[in-house]
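**Student:** Pasting a structure here, questions to come.
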């Protein structure tokens with residue numbers, strides 16, 4: 001089957017700092033990096049590196065060929081990425097402290113210019129059994145979710161950055177909601193525990209992750225692999241992409257969760273976001289080495 005991704009494409013500008021700045025404080029960065037990012041492209045890279053057939057639906061500036069090139073090099077179908085002469089590629093300013101924690105500011109740029117007509121041929125190719133990944137970093141979310149769901153596609157929505165109105169708009173068409181622990185608390189405050197979806201994927205950082213099967217009444221948990229984290233940016237996207245790739249292979253949920261946890265563990269031992277996501281063979285080797 002195919003994993004479609006209506007996904008953001010960002011360029012990450014990362015600054016390593018001794019600590020997060022306080023209001024009014026100026027800090028000197030000890031390191032600067034420029035690389036791939038965006039929740040959408042991170043998830044496309046993760047799913048593709050996990051072995052899935054992935055098609056990315058998005059937009060980027062014509063001047064940033066290297067961004068699209070890196071997706072293509074990882075096996076992502078980039079045919080449906082719209083190229084702009086007059087819009088900046090989305091980008092993020094990432095502040096990273098010595099413990100590996102981060103604080104991020106994003107600018108949507110081309111990610112917020114998507115039009116349904118641009119993806120007519122992609123929509124026509126979607127079929128039952130496919131997946132559509134989405135995140136709250138683009139426009140066109142509710143429209144594409146509705147179109148995909150009508151074609152029997154399972155929509156996986158990463159509710160980040162969390163926004164009540166955005167989630168409410170897509171909720172009738174979503175199969176699985178993916179979010180971190182803080183976002184899950186916000187969602188429960190806004191919508192309660194009775195959600196009209198089949199499942200929730202909740203990542204908890206160093207405390208692992210869980211999948212709640214809301215239709216079957218089951219809950220699956222996976223502990224985090226113990227590693228020395230240097231950069232947690234994009235770890236949740238890596239987890240989500242690998243997890244959906246596992247579902248696409250019809251893996252049992254515990255199997256998909258464990259492989260996703262291993263991929264996220266490897267990712268946080270490396271600097272960067274999308275560029276740091278491991279390939280499937282690396283993940284399998286890492287898992288085989290665990291006692």
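**Student:** Restricting the search to the stretch 16-39, which residues are buried (at least 16 other Cβ atoms within 10 Å of the Cβ) and not in a loop (DSSP other than H, G, I, E, B)? Talk me through it step by step, then tell me what you get.
**Tutor:** Residues of the stretch 16-39 buried (at least 16 other Cβ atoms within 10 Å of the Cβ): 16-17, 33, 35-39.
16, 33, 35, 36, 37, 39 - these are the residues of the stretch 16-39 that are buried (at least 16 other Cβ atoms within 10 Å of the Cβ) and not in a loop (DSSP other than H, G, I, E, B).
**Student:** When you go through 257, 214 one by one, which is the residue that is surrounded by 14 or more Cβ atoms within 10 Å (Cβ to Cβ), under 16 Å from the mean Cα position of the chain (by Cα) and over 18 Å from residue 36 (Cβ atoms)? If you could, list the steps in order and put the result at the bottom.
**Tutor:** Numbers: 214 fails: under 16 Å from the mean Cα position of the chain (by Cα).
Selected residue: 257, the only one of 257, 214 that is surrounded by 14 or more Cβ atoms within 10 Å (Cβ to Cβ), under 16 Å from the mean Cα position of the chain (by Cα) and over 18 Å from residue 36 (Cβ atoms).
**Student:** Filter the stretch 199-219 for residues that are assigned to a strand (DSSP E or B), free of Cβ contacts under 8 Å to residues at least 60 places away in the same chain and in contact with a helix residue (DSSP H, G or I) (Cβ under 9 Å, 6 or more places away or on another chain) and give the result.
**Tutor:** First pass over the stretch 199-219, keeping only residues assigned to a strand (DSSP E or B): 199-203, 209-213, 218-219.
Now drop any that are not free of Cβ contacts under 8 Å to residues at least 60 places away in the same chain, which leaves 199-202, 209-213, 218-219.
Matches in the stretch 199-219: 199, 200, 201, 202, 209, 210, 211, 213, 218.
Every residue, every condition in (1) assigned to a loop (DSSP other than H, G, I, E, B); (2) surrounded by 20 or more Cβ atoms within 10 Å (Cβ to Cβ), yes or no:
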{"residue": "227", "(1), (2)": "yes, no"}
{"residue": "240", "(1), (2)": "no, yes"}
{"residue": "267", "(1), (2)": "no, yes"}
{"residue": "275", "(1), (2)": "no, no"}
{"residue": "282", "(1), (2)": "no, no"}
{"residue": "290", "(1), (2)": "yes, no"}
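**Student:** If we scan the stretch 229-238, do we find a residue that is part of a loop (DSSP other than H, G, I, E, B), farther than 21 Å from residue 3 by Cβ, without any contact (Cβ under 8 Å) to a residue 60 or more places away in the chain and under 18 Å from the mean Cα position of the chain (by Cα)?
**Tutor:** Initially, the stretch 229-238 is screened for residues part of a loop (DSSP other than H, G, I, E, B), giving 229-234.
Still in the running and farther than 21 Å from residue 3 by Cβ: 229-233.
Okay, now just the ones that are also without any contact (Cβ under 8 Å) to a residue 60 or more places away in the chain, so none.
Within the stretch 229-238 (the criterion being part of a loop (DSSP other than H, G, I, E, B), farther than 21 Å from residue 3 by Cβ, without any contact (Cβ under 8 Å) to a residue 60 or more places away in the chain and under 18 Å from the mean Cα position of the chain (by Cα)), the answer is no, since none of the residues qualifies.
**Student:** Looking at (1) surrounded by 24 or more Cβ atoms within 10 Å (Cβ to Cβ); (2) assigned to a loop (DSSP other than H, G, I, E, B), which one does residue 271 not meet, given that it meets all the others?
**Tutor:** Evaluating residue 271 over (1) surrounded by 24 or more Cβ atoms within 10 Å (Cβ to Cβ); (2) assigned to a loop (DSSP other than H, G, I, E, B) leaves (1) as the failure.
Yes or no, residue by residue, for (1) modelled with pLDDT of 95 or more; (2) under 23 Å from residue 234 (Cα atoms); (3) over 17 Å from the mean Cα position of the chain (by Cα):
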residue: 106; (1), (2), (3): no, yes, no
residue: 110; (1), (2), (3): yes, yes, yes
residue: 120; (1), (2), (3): yes, no, yes
residue: 124; (1), (2), (3): yes, no, yes
residue: 133; (1), (2), (3): yes, yes, no
residue: 155; (1), (2), (3): yes, yes, no
residue: 179; (1), (2), (3): yes, yes, no
residue: 186; (1), (2), (3): yes, yes, yes
residue: 201; (1), (2), (3): yes, yes, no
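**Student:** Name the helices (runs of 4 or more DSSP H) wholly within the stretch 40-157 that hold at least 2 residues that are surrounded by fewer than 22 Cβ atoms within 10 Å (Cβ to Cβ), in contact (Cβ under 8 Å) with a residue 40 or more places away in the chain and touching a helix residue (DSSP H, G or I) at 6+ places or on another chain (Cβ under 9 Å)? Before the answer, list the steps.
**Tutor:** Values: elements: 65-73, 120-125, 141-150.
Answer list for the stretch 40-157: none.
The values are calculated or read from the model by the stated rules, or taken from the named source; none is laboratory data. Please read all numbers here as calculations on a predicted model, not as lab measurements. Neighbour counts are summed over all protein chains in view; Cβ atoms, including those assigned to glycine, are modelled from backbone coordinates with ideal geometry.
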